[in-house]
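Worksheet: the structure to be examined is printed underneath.
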Amino acid sequence: MIFAPAAPSEHEALVALVNSAYRGQGAQAGWTTEAGYIDGQRIDLESLQADLAASPDALILTARDEAEGPILGCVWLEPAQAGVWYLGMLTIRPDLQDRQMGRTLLAAGEAYAKERGADRMQMTVVHIRDTLIAWYQRRGYALTGETRPFPHGDDRFGKPLRDDLSFVVMEKSI
């Protein structure tokens, strides 16, 4: 796998990739889909670019099989505080989710952050995603006991189909 920070020219492809993995339906859905409890897009081009502009130290690490090949996966990485980096939007193309690329990309993201001074990684996961939470726990992440509110009413991230959605915070020492 080849890992590299996304270029601005790749943002549209990233939006399509993330939306297909998180909100895909039917044959297009991977096991990470949120379509059953959040409707609409996961991200759009304008909000992705605004988020990157608002967090100039953040980046999206991409994964490819070949240097000029299509983006197969991505992960958001951002220094959050001294020694702690936030990891989010871990995405693998739905039709490739049986290749163990998610764990490879997760490890690459952790290594990228560690090389830049991180000693802990932190993430948030929608609280009802038991299978996904368990997947992260098998990779060393632990629930911190902290929760954060879901952005109800902010359609940039989709429209929740449930009123009780929130995020759990997970952390891992690296």
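The values are calculated or read from the model by the stated rules, or taken from the named source; none is laboratory data. Worth saying up front: this structure is predicted, and the values here are computed from it rather than measured. Don't worry about glycine lacking a Cβ; one is built from the backbone with ideal geometry, like all the others, and counts go over all protein chains shown.
Among all positions in the range 85-98, there is no residue which is free of Cβ contacts under 8 Å to residues at least 40 places away in the same chain, out of contact with any Phe, Trp or Tyr (no Cβ under 6 Å at 6 or more places or on another chain) and among the small types (Gly, Ala, Ser). Kindly indicate whether GLY140 is free of Cβ contacts under 8 Å to residues at least 40 places away in the same chain, in a loop (DSSP other than H, G, I, E, B) and surrounded by 14 or more Cβ atoms within 10 Å (Cβ to Cβ). The answer is yes for GLY140.
Do we have ALA134 as farther than 18 Å from ALA6 by Cβ, out of contact with any Leu (no Cβ under 7 Å at 6 or more places or on another chain), in contact (Cβ under 8 Å) with a residue 40 or more places away in the chain and not basic (Lys, Arg) here?
The answer is no for ALA134.
Of all the criteria given as (1) exposed (fewer than 14 other Cβ atoms within 10 Å of the Cβ); (2) out of contact with any helix residue (DSSP H, G or I) (no Cβ under 7 Å at 6 or more places or on another chain); (3) part of a loop (DSSP other than H, G, I, E, B), the one not satisfied by GLU146 is (3). Scanning the range 52-83 for residues that are acidic (Asp, Glu) and either in contact with an Asp or Glu (Cβ under 8 Å, 6 or more places away or on another chain) or without any contact (Cβ under 8 Å) to a residue 24 or more places away in the chain (or both) gives ASP57, GLU68, GLU78. The residue of the range 134-158 that is modelled with the highest pLDDT, among those that are touching a Pro at 6+ places or on another chain (Cβ under 9 Å) and of a type in the set (A, V, I, L, M, F, W, C), is PHE150. Screening the range 54-69 for residues that are more than 27 Å from THR144 (Cα to Cα) and at pLDDT 95 or above and picking the one that is nearest to the chain's Cα centre (by Cα) gives THR62.
Scanning the range 149-158 for residues that are in a loop (DSSP other than H, G, I, E, B), more than 20 Å from TYR86 (Cα to Cα) and not small (Gly, Ala, Ser) returns HIS152, ASP154. Of the residues ILE128, ILE133, the single one that is outside any loop (DSSP other than H, G, I, E, B) and closer than 24 Å to SER20 by Cα is ILE133.
Quick check on ARG42: is it of a type in the set (Lys, Arg) and under 24 Å from GLN137 (Cα atoms)? So ARG42 fits the description; yes.
Condition (residue is modelled with pLDDT of 90 or more and part of a helix (DSSP H, G or I)) applied to the range 159-168: is it met by at least one residue? No, the range 159-168 contains no residue that is modelled with pLDDT of 90 or more and part of a helix (DSSP H, G or I).
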